[in-house]
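Q: To start, I am sharing the structure in question, which I have written as structure tokens.
The values are calculated or read from the model by the stated rules, or taken from the named source; none is laboratory data. Being a predicted model, the structure only gives us computed values, none of them experimental. Counting neighbours? That spans all protein chains shown, and the Cβs are built from the backbone with ideal geometry, glycine included. For accessibility, only protein heavy atoms count, side chains too; no ligands or nucleic acids. Shrake-Rupley method; radii C 1.70, N 1.55, O 1.52, S 1.80 Å.
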Amino acid sequence: DGMNVLFIIVDDLRPVLGCYGDKLVKSPNIDQLASQSMVFSNAYAQQAVCAPSRVSFLTGRRPDTTRLYDFYSYWRVHAGNYSTMPQYFKENGYVTLSVGKVFHPGVSSNYSDDYPYSWSIPPFHPSAEKYENDKTCRGKDGRLYANLVCPVNVTEMPGGTLPDIQSTEEAIRLLNVMKTSRQKFFLAVGYHKPHIPLRYPQEFLKLYPLENITLAPDPWVPKKLPSVAYNPWMDIRQRDDVEALNVSFPYGPLPDDFQRQIRQSYYAAVSYLDVQIGLLLNALDNVGLSNNTIVVFTADHGWSLGEHGEWAKYSNFDVATRVPLMFYVPGMTTSPGSQGTRVFPYLDPFSHTGGSAPQGQSQKVVELVSLFPTLADLAGLQVPPACPRTSFGVELCTEGTSIVHYFNVSEGKVQEGREGCDNPARCLDEEPAALSQYPRPADTPQWNSDKPKLKDIRIMGYSLRTIDYRYTLWVQFDPNNFSADFQNVHAGELYMMENDPNQDYNIYNNTSHGWFFKKLLG
């Protein structure tokens with residue numbers, strides 16, 4: 001009988017992980033998972049904001065097909081009655097379970113996390129979630145604030161806990177239930193951190209002395225960045241500690257010392273998350289399910305940490321669109337002879353030193369929209385068919401493709417992003433690419449530039465990322481009929497990765513881009 005699936009989805013996690021080459025972070029448990037997994041180092045979300053990204057990868061359709069670019073519509077009503085990945089597993093005999101933030105809560109998942117379509121039992125939400133944005137952060141004056149940077153004493157928190165701790169406990173409880181029931185399961189566990197506020201147990205700060213924290217390598221707004229591309233990080237400005245800094249809108253930089261504190265707390269929140277992942281995977285070992293459960297680990301999008309003078313998500317840059325993505329598949333990605341032994345002993349980030357290299361690594365450019373077909377493929381289910389050009393009336397199809405054919409990398413090797421190639425022209429035409437997009441209300445930064453409502457969208461930025469470049473076109477968009485006019489280009493961006501890996505030097509205006517234009521429209 002088939003494998004179980006443990007699907008771990010993290011909110012706002014960019015790949016600051018040891019297994020992705022980050023030298024500062026302490027993430028031993030995620031690194032240990034990577035050491036038994038196929039790791040994709042060039043994976044991208046389809047839109048760098050929570051609800052649109054999640055609905056996209058859970059349905060296997062792009063935002064132009066789900067018609068969700070904001071938080072305010074339910075795809076089954078507004079676009080088409082698309083089957084979701086958990087729904088497909090459920091219809092194929094799996095018990096499907098949701099813990100924490102999997103679908104974005106609210107109208108975009110019908111106020112029910114798409115239950116009962118997607119899940120066998122009603123989804124679990126941690127009770128401590130409702131205090132996330134309350135004044136629970138103690139300031140230097142001893143009073144409580146709703147800060148961005150928010151290390152806390154967990155015993156002082158409402159209920160003496162935090163949401164991700166509760167989600168881990170519930171997921172472990174469900175693993176124990178599933179072990180005794182002997183039914184195949186698809187368990188999705190959605191973690192909140194490192195989403196803002198950066199609220200985590202204060203002891204994790206000890207891992208990151210402030211003097212070890214640098215600024216972003218490019219903390220300035222690039223000279224040739226079109227103003228439409230800039231996201232003014234409104235959600236951060238509204239936190240008490242940032243508001244007190246009185247930074248000018250939209251480009252005024254945060255003070256250097258505060259930038260370092262944000263980066264420090266982001267890293268601390270990642271290590272807190274790593275502990276939760278470690279406890280969860282250790283429980284998978286304890287119930288004896290590590291050798292027949294596929295584990296997927298990814299995030300809904302990234303998060304800028306001061307690069308380009310930007311914070312948060314809401315852009316088309318790699319820092320906002322690139323995500324960690326790894327697949328642990330027993331017998332396929334594991335080293336032979338590891339069956340029967342403990343695969344995931346818990347590692348304490350405070351004492352564990354030494355990283356572990358990924359089992360296999362691919363630099364192929366892949367997209368989150370491919371998760372659905374890939375997981376179906378790995379679990380031995382029929383892979384949903386590719387969607388036709390217009391698929392609003394098609395319930396089951398995918399706009400991604402299964403990426404399982406990239407898995408056959410020999411142990412410890414890195415698969416190149418480029419094909420070895422006899423005919424370079426043909427190869428460039430077939431090279432893998434990721435398409436992301438972001439809407440804007442205007443050509444210049446507004447208070448609602450980060451999260452425009454559908455009716456206010458006037459421009460859509462379509463961004464194509466290959467191993468060699470990122471090419472972005474900001475084009476006229478009509479929200480009444482969801483149409484983009486590629487004849488009406490407001491601005492463009494082109495970054496060549498080889499000599500500009502941080503995407504700081506936009507060469508769009510001094511390049512002929514007919515070829516890129518064709519690729520993007522393709």
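Q: Are there any pairs, at least 6 apart or on different chains, whose C-beta atoms fall under 7 Å, with the first in segment 188-213 and more than 14 Å from TYR131 (Cα to Cα) and among the β-branched types (Val, Ile, Thr) and the second outside any strand (DSSP E or B) and open to solvent by 50 Å² or more (accessible area, probe 1.4 Å), and if so, which?
A: ILE213/ARG260
Q: Pick out, from segment 240-346, the helices (runs of 4 or more DSSP H) lying fully within it that include 1 or more residues that are in contact with a Pro (Cβ under 9 Å, 6 or more places away or on another chain). Before the answer, list the steps.
A: Details: elements: 240-243, 256-286, 318-321.
Where helices (runs of 4 or more DSSP H) fall fully within segment 240-346 and carry at least 1 residues being in contact with a Pro (Cβ under 9 Å, 6 or more places away or on another chain), they are 256-286, 318-321.
Q: Output the number of the condition that TRP515 fails; it satisfies all remaining conditions of (1) hydrophobic (A, V, I, L, M, F, W, C); (2) touching a residue at least 40 places away in the same chain (Cβ under 8 Å); (3) farther than 24 Å from TYR69 by Cβ.
A: (2)
Q: For the subset of segment 130-166 comprising residues that are polar (S, T, N, Q) and either under 30 Å from ASN291 (Cβ atoms) or within 25 Å of the chain's Cα centre (by Cα) (or both), which member is surrounded by the most Cβ atoms within 10 Å (Cβ to Cβ)?
A: The extreme case among them is ASN147.
Q: Give the residue, chosen from VAL383, VAL394, that is open to solvent by 10 Å² or more (accessible area, probe 1.4 Å), among the hydrophobic types (A, V, I, L, M, F, W, C) and in contact (Cβ under 8 Å) with a residue 40 or more places away in the chain.
A: Values: VAL383 fails: in contact (Cβ under 8 Å) with a residue 40 or more places away in the chain.
Result of the check over VAL383, VAL394: VAL394.
Q: On to the next question. Which of the residues that make up segment 167-182 are free of Cβ contacts under 8 Å to residues at least 60 places away in the same chain and either open to solvent by less than 70 Å² (accessible area, probe 1.4 Å) or under 15 Å from VAL275 (Cα atoms) (or both)?
A: Filtering segment 167-182 for residues free of Cβ contacts under 8 Å to residues at least 60 places away in the same chain gives 169, 173, 177, 180, 182.
Selection gives GLU169, VAL177.
Q: Condition first: charged (D, E, K, R), part of a loop (DSSP other than H, G, I, E, B) and open to solvent by 50 Å² or more (accessible area, probe 1.4 Å). Now tell me which residues in segment 202-223 satisfy that.
A: Residue satisfying the conditions is LYS223 alone.
Here's the yes/no breakdown for (1) touching a His at 6+ places or on another chain (Cβ under 7 Å); (2) in contact (Cβ under 8 Å) with a residue 24 or more places away in the chain; (3) of a type outside the set (Ser, Thr, Tyr); (4) closer than 27 Å to TRP474 by Cβ:
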{"residue": "TYR230", "(1), (2), (3), (4)": "no, yes, no, yes"}
{"residue": "ASP235", "(1), (2), (3), (4)": "no, yes, yes, yes"}
{"residue": "ASP241", "(1), (2), (3), (4)": "no, yes, yes, no"}
{"residue": "LEU245", "(1), (2), (3), (4)": "no, no, yes, no"}
{"residue": "GLN264", "(1), (2), (3), (4)": "no, yes, yes, no"}
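Q: May I pose another question? Quick one: LYS101 ticks every box in (1) among the basic types (Lys, Arg); (2) over 30 Å from ILE459 (Cβ atoms); (3) modelled with pLDDT of 95 or more bar one, so which box is it?
A: With (1) among the basic types (Lys, Arg); (2) over 30 Å from ILE459 (Cβ atoms); (3) modelled with pLDDT of 95 or more applied to LYS101, the lone miss is (2).
Let's see how each residue does on (1) of a type in the set (D, E, K, R); (2) under 30 Å from PHE482 (Cα atoms):
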{"residue": "ASP12", "(1), (2)": "yes, yes"}
{"residue": "CYS19", "(1), (2)": "no, no"}
{"residue": "GLN36", "(1), (2)": "no, no"}
{"residue": "PHE40", "(1), (2)": "no, no"}
{"residue": "ARG62", "(1), (2)": "yes, yes"}
{"residue": "LEU68", "(1), (2)": "no, yes"}
{"residue": "SER83", "(1), (2)": "no, yes"}
{"residue": "GLU91", "(1), (2)": "yes, no"}
{"residue": "PHE103", "(1), (2)": "no, yes"}
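Q: Additional query: Given segment 451-522, what strands (runs of 3 or more DSSP E) lie entirely inside it while holding 2 or more residues that are open to solvent by 60 Å² or more (accessible area, probe 1.4 Å)?
A: Numbers: elements: 459-465, 469-478, 483-496.
Ranges flagged: 483-496.
Q: Taking the criterion of being at pLDDT below 95 and assigned to a helix (DSSP H, G or I), would at least one residue in segment 409-424 satisfy it?
A: Yes.
Q: Related question: Could you identify the single residue in PRO151, PRO116, PRO105, PRO122 that is of a type outside the set (S, T, N, Q) and in contact (Cβ under 8 Å) with a residue 24 or more places away in the chain?
A: The conditions single out PRO151.
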